[in-house]
Each structure stands twice: as C-alpha cells, then as structure tokens.
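Visitor: Shown below is the structure under consideration.
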C-alpha cells in the first residue's frame, strides 16, 4: 500500500471505511460543479461502490491507476481525493485529477497535494509528462496547476458534454525537465 506524506497531508490508498467522510463533502453541489461525473450527488452506497472499484483498480498488476484519499493530519479526516493514471508506461505519460472538500478551498491543500503527486510521478514513477484537464470557469484549479509549474497547452472548445451541457476543456501539462521540487 502506497502512502505519501506532506507537511499537512497524508495521501494514502482508500479503504471502504472512508466512505462516510467522503460522502460528507462529495454530496455538496460545489464539489460537483467542475467534474465530468454524470450522476450528482452520490449516495453512501454509491461512494462505497466507487471506493471498491478504486481499491480493485489499485490492486491491478501491472498497475496504471493510483487513487489516493487526502487525509488532513491535524484532523485525521479525509478532505479530498486524487487520481494518478499512467496512460502510457513506455512513454512515461500520466494524467491526474482531484477533488477537495469545498469547505476548505483556498487554504493551499490541493497545491500541497499536487506538488507531492508530481514528485511521485516524476521521481518515483519516472514519468516524462504529466497532464490534466479543467474547465475555464474553474479558476481555483487553474491557479493550483500554475503554482505547481504546469503550462496551459490549449483549450478545446465545447469538447465535453456532461449533465446536458457542453463545456470547454483547458489542458495543462508539465514535463520532467520542467519539474522542480
């Protein structure tokens, strides 16, 4: 089981018992505002099913998906999640996505978590390129990626259709030779 650590956070693989804490924030409308997941909001059973699928994915060999929950050390509480998916092992290409309890947006937690995921990706997993997608309206996520040294590569207009709405998608990336701790 992989466990990563920052000053304020533990990033660890999920267990089913995390469902209660995750459901506390993932049923908030603000949490779903910028996600591509079509069903809103999930139930506790839906969260457990999702966690079980992540646990199953995390057990695959060879492994392509690393799903982590973000645990606030001071509170010993799950405050978010992060997905790191290797898209091409030989070329070293990976993508990440994340979600955070809306009650603690703007406190630097996601920037701290993303810096650790980038370290994990480049140093531990030997990736060459790590990228992510967000919506132009998701200013907080854009700022997090920029703070972590990522470059805006471009925007695909009306490229995502979710919950009956077309969204633009902004692509950000960072290469291994651009990465600094």
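Visitor: Are there any pairs with C-beta distances below 6 angstrom linking a residue in segment 97-110 that is on the phi < 0 side of the Ramachandran plot and surrounded by fewer than 19 Cβ atoms within 10 Å (Cβ to Cβ) to a residue that is assigned to a loop (DSSP other than H, G, I, E, B) and at pLDDT below 95, with the two at least 6 apart or on different chains, and if so which?
Guide: Pairs found: 102/28.
Visitor: Continuing with the same structure: How many residues, within segment 65-96, are assigned to a loop (DSSP other than H, G, I, E, B) and surrounded by 14 or more Cβ atoms within 10 Å (Cβ to Cβ)?
Guide: Final tally of qualifying residues: 2.
Visitor: Here's a follow-up. Just checking, which of 61, 20 is without any contact (Cβ under 8 Å) to a residue 12 or more places away in the chain and either out of contact with any helix residue (DSSP H, G or I) (no Cβ under 9 Å at 6 or more places or on another chain) or more than 20 Å from residue 134 (Cα to Cα) (or both)?
Guide: The unique qualifying residue is 61.
Visitor: Kindly indicate the residue of segment 130-159 that is in a strand (DSSP E or B) and under 18 Å from the mean Cα position of the chain (by Cα) and also nearest to residue 94 (Cα to Cα) among those meeting that condition.
Guide: 130
The values are calculated or read from the model by the stated rules, or taken from the named source; none is laboratory data. It should be emphasised that the depicted structure is a prediction, and the values quoted were computed from it without experimental measurement. Don't worry about glycine lacking a Cβ; one is built from the backbone with ideal geometry, like all the others, and counts go over all protein chains shown.
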